[in-house]
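Here's the structure, in structure tokens; my notes come after.
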Amino acid sequence: EEEEEIEEEEEEEECDVSTLLRDYFQIGSDSSTGNGARLKTLYDEWSRADPDRMGQITAAIPGVRVLRQDPWECLISFICSSNNNIPRITLLLERLRQRYGRELVRIPPSDGDDGEPWSFFSFPTLRNLSEVSEQELRELGFGYRAKYIRQTVELLSEREEEFKDRSIEQGEETEGYETSCRSSLYLHSLRDHDQSSSSLDHVQTALTEFCGVGRKVADCVALFSLDRRDAVPVDVHVLRMAIRNYGAGEFLTGRGTTSLTPAVYARVGDLFRERFGSYAGWAHSVLFVAELPSFRGVLPVEMVREMDEWKQQEMAEKAARNSR
């Protein structure tokens with residue numbers, strides 16, 4: 001009987017792990033994304049909408065998908081991304097885990113290896129970070145972002161209490177949620193809104209209340225953790241992509257600016273949504289990946305040449321403006 005119970009527990013644990021992985025990678029039981037659209041189907045739809053560019057990219061870089069991250073971890077991670085690069089962001093988040101998270105597993109060095117054990121840590125909870133001062137974060141290398149994180153933790157703690165009070169009034173159960181999910185009730189509640197454009201505005205407004213969160217970071221958090229597949233994070237790189245490939249230059253003509261004003265930001269996002277539909281944020285991510293240097297080797301030669309020529313043209317135009 002004991003052996004049978006152990007086997008049942010192992011099967012249940014495997015099932016839970018499988019469920020978590022499918023949720024994290026947004027893979028349904030039918031090999032679909034979170035709300036039923038197969039990734040291949042999306043690739044086909046996007047390729048029909050943009051055969052000259054997306055069609056070639058999806059053929060060259062198959063399998064790019066958006067993760068469904070924990071909203072709390074995603075929010076702090078993107079606050080750390082401000083004016084930063086990927087190696088540096090990774091280092092800061094690793095320090096945060098090691099100092100304030102919980103050790104999940106320790107892997108000993110292999111036979112004959114004198115190295116240190118390799119440990120994995122959980123992301124610290126909101127409660128963990130509520131006890132951390134701005135100075136401590138600065139000492140870990142977060143710089144001015146330490147203030148952003150500290151103020152975000154304070155405001156989110158307030159939002160958590162308000163949300164729990166409302167939930168209790170409505171007779172909903174909240175006890176033990178943070179312990180089991182290591183996350184935020186308030187941020188998870190933002191997943192529950194409908195998928196209308198007004199709802200996306202609501203989510204963006206709610207997120208931009210936090211210190212260090214502008215339009216782009218809000219859309220990143222919405223896309224990668226709050227099920228807003230139509231959220232399109234726009235920065236100067238995405239703006240250039242939209243001008244080069246999707247006619248954003250026509251919108252900018254006569255406006256006297258190529259900066260990301262609210263109107264320009266909204267229009268660029270709409271260009272992607274009009275072309276790629278309700279999964280525009282996913283399509284945007286595929287296009288963005290294709291711009292990374294590490295993928296140049298698998299892209300068509302003509303596409304790489306076009307990207308290089310466009311960059312050279314941009315540099316020449318910038319030099320001409322600066323010389324005036």
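Listing for the model above:
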quantity: Stokes-Einstein D in µm²/s, Kirkwood radius over Cα pairs - the range 202-324 at 37 °C with 0.692 mPa s viscosity; calculated: 209 µm²/s
quantity: Extreme residue, positive dipole direction of the chain, given options Met303, Leu223, Thr208 (C-beta unit charges); calculated: Met303
quantity: Estimated 222 nm signal from helices in the chain, with DSSP H stretches of n ≥ 4 weighted -39500 (n - 2.57), rounded to 500; calculated: -19000 deg cm²/dmol
quantity: Listed residues His284, His237, His188, most fluctuating in the chain (Gaussian network, C-alpha, under 10 Å); calculated: His237
quantity: Packing-based ranking, highest mean first, of 205-211, 229-235 given that Cβ atoms within 10 Å are counted; calculated: 229-235, 205-211
quantity: The chain: most fluctuating residue of Leu129, Leu137, Leu91 per GNM, C-alpha cutoff 10 Å; calculated: Leu91
quantity: Charge context of Gln26, other residues only, Cβ under 12 angstrom, K/R +1, D/E -1; calculated: +3
quantity: Accessible surface, the chain, averaged per residue in Å² (probe 1.4 Å); calculated: 57 Å²
quantity: Nitroxide proxy distance, nm - points 7 Å out along Cα→Cβ at Asn83 and Glu45; calculated: 3.9 nm
quantity: FRET efficiency for Arg106 and Ala59, using Cβ-Cβ distance with R0 set to 41 Å, rounded to 0.05; calculated: 0.45
quantity: Around Gly143: net Lys/Arg minus Asp/Glu count, Cβ-Cβ under 15 Å; calculated: +3
quantity: Most mobile listed residue (Leu292, Leu92, Leu21) in the chain, GNM with C-alpha springs under 10 Å; calculated: Leu292
quantity: Prolate/oblate/rounded call for the range 32-150, Cα gyration tensor, a/c under 1.5 rounded; calculated: prolate
quantity: Ranked by how many other beta carbons lie within 10 Å on average, peptides 305-312, 42-49 from highest; calculated: 42-49, 305-312
quantity: 5 angstrom amide H check on Arg38, placed H, neighbours 5+ away; calculated: Thr33
quantity: Rough spin-label spacing in nm, given labels placed 7 Å along Cα→Cβ, for Ser198 and Phe251; calculated: 2.2 nm
quantity: Pairwise FRET efficiency - Asp114 versus Val236, Cβ, R0 = 51 Å, nearest 0.05; calculated: 0.65
quantity: GluC sites (Glu not before Pro) within the range 121-150, DSSP loop, no more than 14 other Cβ atoms inside 10 Å; calculated: Glu131
quantity: Non-local Lys pairs in the chain, i.e. 8 or more apart or on different chains, that have alpha carbons under 26 Å apart; calculated: 4
quantity: Three-way shape label, the range 258-324, alpha-carbon gyration tensor, a/c 1.5; calculated: oblate
quantity: Accessible surface ranking that places the most exposed of Trp118, Trp282 first, with a 1.4 angstrom probe; calculated: Trp118, Trp282
quantity: Length-normalised contact order for the chain - Cα pairs under 8 Å, 6+ apart - percent; calculated: 17 percent
quantity: Shape call, the range 89-160: gyration tensor on alpha carbons, a/c limit 1.5; calculated: prolate
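The values are calculated or read from the model by the stated rules, or taken from the named source; none is laboratory data. Please read these numbers as outputs of a predicted model, since none were measured by experiment. Glycine also receives a Cβ, built like all others from the backbone with ideal geometry; neighbour counts cover every protein chain displayed. For the accessible areas, the whole protein counts, side chains as well, though only heavy atoms, and no ligand, DNA or RNA atoms are used. Shrake-Rupley method; radii C 1.70, N 1.55, O 1.52, S 1.80 Å.
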